[in-house]
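One structure is given below, encoded as structure tokens.
The values are calculated or read from the model by the stated rules, or taken from the named source; none is laboratory data. Owing to the predicted nature of the structure, the values given are computational and were not obtained by experimental measurement. Using ideal geometry, Cβ is built from the backbone for each residue, glycine included, and neighbour counts are taken over all protein chains shown. Surface areas here come from the heavy atoms of the whole protein model, side chains and all, with no ligands, DNA or RNA. Shrake-Rupley method; radii C 1.70, N 1.55, O 1.52, S 1.80 Å.
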Amino acid sequence: MTRTLPARVFADREDACRTLAGEVAEMIAAINRSGRPAVLGLATGRTPLPFYAELIRRHREDGLSFREVVTFNLDEYLGLAEGHLESYRAFMRRELFDHVDILPGNVHIPDGWLAKSEIPAHCAAYERAIREAGGIDFQLLGIGRTGHIGFNEPGSPRDSRTRVVALDELTRRDAGPSFGGISQVPRQAISMGCGTILEARRIALLAWGEAKAAIVKTALQGQVTDQVSASFLQEHADAAFYLDEAAAGEL
Ligand code: GLP
């Protein structure tokens, strides 16, 4: 059943991230009080940067602790050199994990350096680890201009699970500048599936700027279709978009 997916529009991205970080901090505290770790699904890209900056500020200034937090990242590129600065593993350390008190053993990111033959078992183990952690309490998402969440490009089934995916040309073009040219951007990644993501109990999708306005409108108000994987969020019971005014400009 589809319902109206809430769009929360903020003056700017910092304002949106302050609000969301406050909500997530409260959620972590409430879950920890109930006697278990909070399980967060995390995203990469430029979009979540002010959110991570706000979590770090809260850790330093307000005592927000990640000692009882378990994380699962959405995705990782395949075929990068180990330690590559654009790998999502390096990104997460740089932008969040190195600055908070999370236990390294509680961090999960798909492994993009395995031999091809080892990848299917790794993907199955990733799904199993999410289940064994009790499922994802809160999933953070950005959105690609193809409408992807994680790296679920057009055509990704509603019930897809963690697997190898091929990156769309538009996605590779958008990533080009940070890699020093599109030819340097990997062609494949490991990504949680749409089905994996939709099982999270609560989901927040962040989008900023004019460049995202058209795809935000399509995802929020268009048909639910596997051509726009973010449109599946319309069928989720507790998902919301957090937008700045520019990204909400076409709603
Ligand atoms: C990549 C990531 C997505 C992210 C998207 C948008 O494709 N795999 O998780 O949402 O880029 O990137 P940005 O936030 O830089 O616009």
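So which residues in segment 156-172 are more than 10 Å from the ligand (Cβ to nearest atom), in contact with a helix residue (DSSP H, G or I) (Cβ under 9 Å, 6 or more places away or on another chain) and under 19 Å from residue 230 (Cβ atoms), if there are any at all?
Passing the criteria: 156, 157, 158, 159, 160, 161, 162, 163, 169.
Being surrounded by fewer than 24 Cβ atoms within 10 Å (Cβ to Cβ) and either within 12 Å of the ligand (Cβ to nearest atom) or among the β-branched types (Val, Ile, Thr) (or both) is the requirement here; does residue 145 meet it?
So residue 145 passes the test.
Can residue 175 be described as small (Gly, Ala, Ser), open to solvent by 60 Å² or more (accessible area, probe 1.4 Å) and within 13 Å of the ligand (Cβ to nearest atom)?
It is false that residue 175 is small (Gly, Ala, Ser), open to solvent by 60 Å² or more (accessible area, probe 1.4 Å) and within 13 Å of the ligand (Cβ to nearest atom).
Say we look at segment 118-142 and pick out the residues that are surrounded by fewer than 17 Cβ atoms within 10 Å (Cβ to Cβ) and not in a helix (DSSP H, G or I); which of these is nearest to the ligand (Cβ to nearest atom)?
Among residues in segment 118-142 that are surrounded by fewer than 17 Cβ atoms within 10 Å (Cβ to Cβ) and not in a helix (DSSP H, G or I), the one nearest to the ligand (Cβ to nearest atom) is 135.
Sort out which residues of segment 11-58 are assigned to a loop (DSSP other than H, G, I, E, B) and of a type in the set (Asp, Glu), and write them in order of number.
12
Please give the number of the condition residue 106 fails out of (1) touching a residue at least 40 places away in the same chain (Cβ under 8 Å); (2) within 16 Å of the ligand (Cβ to nearest atom).
(2)
Is it true that some residue in segment 16-34 is open to solvent by 70 Å² or more (accessible area, probe 1.4 Å) and touching a residue at least 40 places away in the same chain (Cβ under 8 Å)?
no
Hey, among 58, 93, which residue is away from the ligand (no atom under 16 Å from the Cβ), under 26 Å from residue 244 (Cα atoms) and out of contact with any Pro (no Cβ under 6 Å at 6 or more places or on another chain)?
Result: 58 is the single residue among 58, 93 that is away from the ligand (no atom under 16 Å from the Cβ), under 26 Å from residue 244 (Cα atoms) and out of contact with any Pro (no Cβ under 6 Å at 6 or more places or on another chain).
Restricting to segment 180-199, count the residues that are within 14 Å of the ligand (Cβ to nearest atom) and within 27 Å of residue 120 (Cβ to Cβ).
Total meeting the criteria: 12.
For segment 59-66, state whether one or more residues are within 27 Å of residue 151 (Cβ to Cβ) and either small (Gly, Ala, Ser) or outside any loop (DSSP other than H, G, I, E, B) (or both).
no
May I ask you to say which residue of 238, 244 is acidic (Asp, Glu), closer than 17 Å to residue 141 by Cα and either free of Cβ contacts under 8 Å to residues at least 12 places away in the same chain or within 16 Å of the ligand (Cβ to nearest atom) (or both)?
On inspection, the qualifying residue turns out to be 244.
For segment 81-117, name all the residues that are open to solvent by 30 Å² or more (accessible area, probe 1.4 Å) and in a loop (DSSP other than H, G, I, E, B).
Once the filter is applied, which keeps residues that are open to solvent by 30 Å² or more (accessible area, probe 1.4 Å) and in a loop (DSSP other than H, G, I, E, B), segment 81-117 yields 81, 82, 83, 84, 85, 86, 101, 103, 111, 113, 114, 115.
What strands (runs of 3 or more DSSP E), lying completely within segment 180-251, carry at least 2 residues that are open to solvent by 10 Å² or more (accessible area, probe 1.4 Å)?
239-244
Name the single residue, out of those in segment 35-47 being more than 16 Å from the ligand (Cβ to nearest atom) and open to solvent by 40 Å² or more (accessible area, probe 1.4 Å), that is farthest from residue 238 (Cα to Cα).
35
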